[in-house]
Amino acid sequence: MSHARYPSLHDRVVFISGGGSGIGATMVEAFAAQGASVAFVDIDKEGAAKVVERAGAIGQKPLFIECDLTNLAALEAAMEETGQRLGPITALINNAANDTRRDLAEVTEADWDWAMAVNLKHQFFAAQIAARSMRAAGGGSIVNFSSVAWMTGVPKLSVYSAAKAAVVGMTNSLARELGGDNIRVNCIAPGAVMTERQRRLWFNDADLAKMIARQCLPRAIDADAVASAALFLAADDSGMITKHCLVVDAGMR
Ligand SMILES: NC(=O)c1ccc[n+]([C@@H]2O[C@H](COP(=O)([O-])OP(=O)(O)OC[C@H]3O[C@@H](n4cnc5c(N)ncnc54)[C@H](O)[C@@H]3O)[C@@H](O)[C@H]2O)c1
């Protein structure tokens, strides 16, 4: 899929978490194709190497920094390295997450803490760090990742859903707090996006057909549909849009 061109994204320093696979990988490529200076972090080194190669072939070669986002010191170091090597981060895409499913009875306190760390906590602290460089640069755009899972109710995803609902509240509060510094804060809530992981773990052909039957638009959602929304929210074309949750679910919820 080809995306709209956004001149304001040319040379913009964009930091993307979880760019080693799935929607994040598609966004790394989509931003690179716009001529943006992209840095991304992930724990998946092998996946990231392929993304660097693919993105480099269509745009500016992205900077990959290996980082486990549950380690906040490592996240801060990666964002500082990005600033030193590419310039001040003015677009932050808080994408990384883990949707591991667990029965209510099985969830331990450690599981809860880990799910909050991988799905919510890093988004807040990445925003805190990015806001410094955005303020100094005169503005920026933060795009957080929620999910329709918390709106529809998906069994065995209660902790993930709690984190993803919290992302919307956090987005609204940060949008109020940072608007005076010309920093916009929005979030994207994807529906069922057919990434490699979703197909491998949760969606065989029959599951996919059932999901499509729940949507207004009867076709599978691919990662490019979400990347389109992220490009728009990062670009100046969405300059008066903040505190918004953009749902990309083909009308499923
Ligand atoms: N795919 C969907 O159907 C769907 C639906 C709703 C919401 N979302 C949201 O969209 C975003 C992207 O989803 P996706 O389907 O591409 O996910 P994915 O699981 O395919 O990819 C997530 C990426 O994040 C990385 N990651 C995970 N834990 C990490 C950690 N601790 N440190 C660094 N990197 C880490 C993974 O290695 C992976 O590359 C997520 O926020 C997800 O919650 C996706």
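Coordinate-derived values only; no laboratory data. Owing to the predicted nature of the structure, the values given are computational and were not obtained by experimental measurement. Backbone-built Cβ (ideal geometry, glycine too); neighbour counts: all protein chains shown.
Principal-axis analysis of the Cα atoms of the chain puts helix 45-58 at an angle of about 60° to the longest axis. Take the Cα of ARG219, step 7 Å toward its Cβ, do the same at ASP207, and the gap between the two points is 2.3 nm.
Potential lengthening of the chain between MET194 and MET1 amounts to 68.0 nm, from the contour at 0.36 nm per residue minus the alpha-carbon distance. Between 0 and 90 degrees, the angle of helix 158-178 with respect to the longest Cα principal axis of the chain falls at about 30 degrees. With contacts taken as Cα pairs under 8 Å at a separation of at least 6 residues, the chain carries a relative contact order of 19 percent.
So what is Rg over Rh here for the chain, counting just Cα atoms and using Kirkwood for Rh? Intermediate results must be reported in sequence, preceding the final value.
Working: Rg = 17.1 Å, Rh = 18.1 Å.
A ratio of 0.94.
GNM remark for the chain: springs join alpha carbons under 10 Å apart, and the peak mean-square fluctuation among ASN172, ASN204, ASN182 falls on ASN204. Pairing the Cα long axis of helix 122-137 with the longest principal axis of the chain, what angle in degrees results, from 0 to 90 and rounded to the nearest 10? Orientation of helix 122-137: about 20 degrees from the principal axis. Springs join every pair of Cα atoms under 10 Å in this Gaussian network model of the chain, and among CYS187, CYS216, CYS67 the largest mean-square fluctuation is at CYS216.
Rounded to the nearest whole Hz, the Karplus-based 3J(HN,Hα) values (6.51 cos²θ - 1.76 cosθ + 1.60, θ = phi - 60°) of the stretch 221-238 follow the sequence 8, 9, 5, 5, 5, 6, 4, 4, 5, 5, 4, 4, 6, 7, 7, 5, 4, 9, with x at glycine and proline.
Annotation: amide H-H contacts under 5 Å for VAL185 (H modelled 1.01 Å from N, sequence separation of 5 or more, or interchain): ILE142, LYS243. Over all other residues within a Cβ to Cβ distance under 14 Å of TRP114, the charged ones net out to -3, with Lys and Arg as +1 and Asp and Glu as -1.
With N residues in the stretch 36-137, what two-decimal value do you get for its Cα radius of gyration over 2.2 N^0.38 Å? Please report the intermediate quantities before stating the final value.
Working: Rg = 15.3 Å, N = 102, 2.2 N^0.38 = 12.8 Å.
For the stretch 36-137, the normalised Cα radius of gyration is 1.20.
Placing R0 at 25 angstrom, the Cβ-Cβ distance between ASP68 and ARG176 gives a FRET efficiency of 0.20 after rounding to 0.05.
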